[in-house]
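See below for the structure under consideration.
The values are calculated or read from the model by the stated rules, or taken from the named source; none is laboratory data. Remember, predicted model here, so these are calculated numbers, not experimental data. Positions of Cβ are generated from backbone atoms using ideal geometry, with glycine treated the same way; all protein chains shown enter the neighbour counts. These area figures cover heavy atoms from the full protein model, side chains too; ligands, DNA and RNA do not enter into them. Shrake-Rupley method; radii C 1.70, N 1.55, O 1.52, S 1.80 Å.
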Amino acid sequence: QKEVEQDPGPLSVPEGAIVSLNCTYSNSAFQYFMWYRQYSRKGPELLMYTYSSGNKEDGRFTAQVDKSSKYISLFIRDSQPSDSATYLCAMTWTGNQFYFGTGTSLTVIP
Amino acid sequence: SQTIHQWPATLVQPVGSPLSLECTVEGTSNPNLYWYRQAAGRGLQLLFYSVGIGQISSEVPQNLSASRPQDRQFILSSKKLLLSDSGFYLCAWSVKGKITEAFFGQGTRLTVV
């Protein structure tokens, strides 16, 4: 079983839709959770991070962590064509080693 | 603020040729440094990580090696490239001693022909 599982998609939504991206994990020691956005042929850029459980909101983006279910989510409200990218979840418990999902490809259609 | 530089952005090399990819970090000291390879649909594969000068941990036995000659410099090398070495290589750094995020460079797309 992989440490982190992420549905690769692809996911295609109309502009303005609410997008839900999800990852599950198996190691209950994970305590720091990240979402990265990666445009084609570019390096991943950090989008949001949360420590332990709970929600965090930043503009149109909300990150959610449910440690009891070992499940994290990223919600994008009012999705825009510029949100079209691959979204990677990541997590760590040491700060030295990071565990990544395989990424979900998202296309927002104008 | 901290920045990470990785070059070149693209590289086409013949089979059997050597490789040297360089990564430098600015604005921080004593970072953890990482080399990843990203294949389509397979996510990020950790190749090497370093917690200090001259300290390299290899995660995957392969045709590649890494070195950290200076605190904020990380180099990925190969003596003889294979076709299977083609891919997207990413350098990253994180703060040592803290549970926090990793930051990535812009990547190098390597094509071995």
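Sparsely packed loop sites in the range A:21-110 (the chymotrypsin sites (Phe, Trp or Tyr not before Pro) outside DSSP H, G, I, E and B with at most 12 other Cβ atoms within 10 Å) comprise A:39. For the pair residue A:67 and residue B:71, a Förster radius of 30 Å applied to the C-beta separation gives a FRET efficiency near 0.25, rounded to the nearest 0.05. Label-to-label distance, residue B:9 versus residue B:111, with points set 7 angstrom from Cα along the beta-carbon direction: 1.5 nm. Across chain A, the relative contact order, built from alpha-carbon pairs under 8 Å that are at least six residues apart, equals 37 percent.
Taken per residue, the accessible surface of chain B reaches 47 Å², heavy atoms only and a 1.4 Å probe. Averaged per residue, chain A has 46 square angstrom of accessible surface, using a 1.4 angstrom probe with ligands and nucleic acids left out. Using a 1.4 Å probe over protein heavy atoms, the accessible area lost on pairing A with B, summed over both chains, comes to approximately 1800 Å².
Set the Förster radius R0 to 25 Å, insert the Cβ-Cβ distance between residue A:12 and residue A:53 as r into 1/(1 + (r/R0)^6), and round the FRET efficiency to 0.05. Could you put the intermediate results ahead of the total?
Working: r = 31 Å, r/R0 = 1.23.
It comes to 0.20.
To put it simply, the accessible area of the range B:3-107 at a 1.4 Å probe is 54 percent carbon and sulfur. Residues in the range A:92-99 carry Karplus couplings, in order, of 8, 10, 10, x, 9, 10, 10, 10 Hz; the curve used is 6.51 cos²θ - 1.76 cosθ + 1.60 with θ = phi - 60°, and Gly or Pro positions show x.
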